[in-house]
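Only one structure is covered here, and it is reproduced in the block below.
The values are calculated or read from the model by the stated rules, or taken from the named source; none is laboratory data. As the structure is a prediction and not an experimental result, all values here were calculated from the model. Here the Cβ positions follow ideal geometry from the backbone for every residue, glycine too, while neighbour counts run over all protein chains shown.
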Amino acid sequence: MQILKTIQTKYLALHLLFWTIYLVVQALVYMNFYEFETIKIVAETGAEIIERSGFPDTFWTSLWVQGLELPGKLLAVYLHLWVMIEGFLFRRRFALYLFGLILILLLANVVQAVVMQFLPVPAFMKMPHQAQVLSLTRSLQYIFTCLAVVGFTGALVVLQRYYAEYNRRQEVEKQHIATELQLLKAQIHPHFFFNTLNSLYGLAMEKSEQTPGMILRLSELMNFVLYEAKAKDVPLLREIEIIEDYIALEKVRYGERVQVAVYKTGMIEVWRIPPLLLLPFVENAFKHGVSPEAAQAWLNISISAEAGHLKCVVENSRVGERPSNGNAGLGLENVRRRLELLFPNRHRLSILAEPDSFMVVLELNV
């Protein structure tokens, strides 16, 4: 049963501690209500002396009364937690919830009246008159104090449920983001290899002597993409090394027809970035900026790293009509989405297409 599952062993001590503290605090708050006067006669003189009771007598009397009131409060609290909140409040049946709450408070008042009426009281306790205990004023006071503890414990449960639901949604969102990032990486892998294999195919068709060296470089790139890229992040220097290997492969294919310049400044050694974050920009530059028809092509890569700020600029020449900003290739679209997931509100990706050049600017703030 759900109720039995709710009362778990690990929470029993916490519940006992709560009710113990509650009884003590209530006894301290209301102990002045149970002050009483005792008339004593001095035997030698026959004079009457009025003594007013004080602590700890009033505390023990107050604690006893609070203990007598506790069964009704326990009934109200746990009916509210296990029945009203679970069955009505969380299901948004608010009218039935309010009606049930009123019934629970009235039932609790009946229980405490019965306990007060029939439970024996130690003779040394100076209790209020029975009619005062069972009066309408006393009943209303009990209902309001009962409502206070019911509301307090109910608020704790609602907040706990909200916090647990919030954490659950956060975990689901994290899993969703992680899954989407893996899918985006999986799309980059074949996209990257297709481009590189095209270069290798061109050399093989030409029976170039550079083919073995190119295969070796491709093996290094494959090792990075398939294994190292599984990590959450990699050193920026390692990403740059892979970019330079890729450039070397492409320069073997295109020879002197393409001029590539790579500029690195700042704190390159200390930065770490998600793997395959910058490489797609270079792939895109070769794919859309260097064509077999072009006599000359150029590609400039600038990477500057400072404390909390990284900037990467990739600019390439253009020949003829190329995709516009909104359709800059699968690689760029994947990077755009990865940036949205990994660096929300902490990045800026700008794409500028001119008639004779194409530029991508990425800025990260961490």
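Take GLN160 and decide whether it is surrounded by fewer than 15 Cβ atoms within 10 Å (Cβ to Cβ) and modelled with pLDDT of 75 or more. Quick ask: steps written out before the conclusion?
Numbers: surrounded by fewer than 15 Cβ atoms within 10 Å (Cβ to Cβ): yes; modelled with pLDDT of 75 or more: yes.
Taking the combined requirement at face value, the residue satisfies it.
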Next item on the list: Inspect all residues belonging to the range 114-128 and state whether any of them is modelled with pLDDT of 80 or more, assigned to a helix (DSSP H, G or I) and out of contact with any helix residue (DSSP H, G or I) (no Cβ under 6 Å at 6 or more places or on another chain).
Entry: yes
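Considering PRO275, PRO235, which residue is crowded, with 20+ Cβ neighbours inside 10 Å and at pLDDT 80 or above?
Details: PRO235 fails: crowded, with 20+ Cβ neighbours inside 10 Å.
Within the list PRO275, PRO235, the selection yields PRO275.
Please find, within the range 315-339, the residue that is modelled with the lowest pLDDT out of those that are outside any loop (DSSP other than H, G, I, E, B) and in contact with a strand residue (DSSP E or B) (Cβ under 8 Å, 6 or more places away or on another chain). Talk me through it step by step, then tell me what you get.
If we filter the range 315-339 for residues that are outside any loop (DSSP other than H, G, I, E, B), which is where we start, we get 315-317, 325-327, 330-339.
Going one step further and asking which of them are in contact with a strand residue (DSSP E or B) (Cβ under 8 Å, 6 or more places away or on another chain), we end up with 315-317, 325, 332, 335-336, 339.
Numbers: GLU315: 95, ASN316: 93, SER317: 91, ASN325: 43, LEU332: 79, VAL335: 84, ARG336: 87, LEU339: 88.
Per the criteria, the residue is ASN325.
Among the residues of the range 248-277, count how many are assigned to a helix (DSSP H, G or I) and within 19 Å of LYS311 (Cβ to Cβ).
At the first step, the residues of the range 248-277 found to be assigned to a helix (DSSP H, G or I) are 248-257, 268-270.
Now narrow it down to the ones that are within 19 Å of LYS311 (Cβ to Cβ): 268-270.
Of the residues in the range 248-277, 3 are assigned to a helix (DSSP H, G or I) and within 19 Å of LYS311 (Cβ to Cβ).
Identify, please: which residue in the range 55-96 is small (Gly, Ala, Ser) and over 19 Å from TRP19 (Cβ atoms) and is, among those, nearest to the chain's Cα centre (by Cα)? Spell out how you get there, then give the answer.
The first filter runs over the range 55-96 and keeps only residues small (Gly, Ala, Ser), leaving 62, 67, 72, 76, 87, 95.
Next, only the ones that are over 19 Å from TRP19 (Cβ atoms) stay: 87, 95.
Values: GLY87: 27, ALA95: 33 Å.
The selected residue is GLY87.
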Notebook entry, point to check: Just wondering, is there one or more residues in the range 24-40 that are assigned to a helix (DSSP H, G or I), modelled with pLDDT of 60 or more and more than 18 Å from GLN141 (Cα to Cα)?
Noted result: yes
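This table checks each residue for (1) in contact with a helix residue (DSSP H, G or I) (Cβ under 6 Å, 6 or more places away or on another chain); (2) part of a helix (DSSP H, G or I); (3) modelled with pLDDT of 70 or more.
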site	(1), (2), (3)
GLU180	no, yes, no
LEU183	no, yes, no
PRO190	no, yes, no
ASN195	yes, yes, no
GLU209	no, no, yes
Note to self: I need the full set of residues from the range 278-299 which are out of contact with any helix residue (DSSP H, G or I) (no Cβ under 9 Å at 6 or more places or on another chain), closer than 13 Å to VAL360 by Cβ and either in a strand (DSSP E or B) or modelled with pLDDT under 85 (or both), in order please.
What the structure shows: HIS288, GLY289
Next item on the list: Mind listing whichever residues of the range 214-257 are of a type in the set (Gly, Ala, Ser) and closer than 22 Å to ILE303 by Cβ?
Entry: ALA229, ALA231, ALA248
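Among the candidates VAL225, VAL262, VAL258, VAL252, single out the residue that is surrounded by 14 or more Cβ atoms within 10 Å (Cβ to Cβ), in contact (Cβ under 8 Å) with a residue 12 or more places away in the chain and in contact with a His (Cβ under 7 Å, 6 or more places away or on another chain). Give the derivation first.
Numbers: VAL262 fails: in contact with a His (Cβ under 7 Å, 6 or more places away or on another chain); VAL258 fails: in contact with a His (Cβ under 7 Å, 6 or more places away or on another chain); VAL252 fails: in contact with a His (Cβ under 7 Å, 6 or more places away or on another chain).
Just a single option satisfies the conditions, and that option is VAL225.
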